[in-house]
1. With only alpha-carbon atoms counted, please give the Rg and Dmax of segment 19-59, in Å.
2. Let me cross-check residue 31: its accessible surface, 1.4 Å probe, with only protein heavy atoms counted, in Å² to the nearest 10?
3. Could you sort 71, 9, 27 by accessible area so the largest value comes first, with the probe set to 1.4 Å?
4. What's the percent breakdown of Cα-Cα distances in the chain across 10 Å bins, shortest bin first?
5. Using only Cα atoms, tell me the angle between helix 37-48 and the longest principal axis of the chain; keep it within 0 to 90° and round to the nearest 10.
6. So if R0 is 25 Å, what FRET efficiency would residue 5 and residue 49 give, r being the distance between their Cβ atoms, rounded to the nearest 0.05?
7. Within segment 8-75, which chymotrypsin sites (Phe, Trp or Tyr not before Pro) sit in a loop by DSSP and count at most 16 neighbouring Cβ atoms inside 10 Å?
8. How big is the accessible area of residue 30 in square angstrom, nearest 10, if you roll a 1.4 angstrom probe over the protein chains?
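The values are calculated or read from the model by the stated rules, or taken from the named source; none is laboratory data. Only a predicted model underlies this, so the values are computations on that prediction, with no experimental measurement involved. Neighbour counts are summed over all protein chains in view; Cβ atoms, including those assigned to glycine, are modelled from backbone coordinates with ideal geometry. With ligands, DNA and RNA removed, areas are computed over all heavy atoms of the protein, side chains included. Shrake-Rupley method; radii C 1.70, N 1.55, O 1.52, S 1.80 Å.
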Amino acid sequence: EHGKIEGAVNIPIDQLEGRLAEVPQDVPIVTYCMRGGRASRAAEMLREAGFEAPIEFGGITAWKEAGLEVVQPDSQ
């Protein structure tokens, strides 16, 4: 309903620890959620796992308010 960042690999925070192998290490990382709280926790988890300075954006709402593009997930 709120959209997602194009090309994003969405990993729910409660699955992040078990799916760290899916997080790329050679590109900037954006952690986001609806408003930013879980994004902040996800960024901290990534830092603790050794990822270099994940980029944390305040949430998909702030992303859209900044005029950045979102796409709607497939409804299938």
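1. 9.5, 26
2. Taking all protein chains as shown, residue 31 has close to 10 Å².
3. 9, 27, 71
4. For the chain, the binned pair fractions read 19, 53, 26, 2 percent.
5. Long axis of 37-48 versus the principal axis of the chain: about 30 degrees.
6. So, using R0 = 25 Å, E works out to roughly 0.75.
7. The qualifying sites are 51.
8. Surface open to solvent at residue 30 totals about 60 Å².
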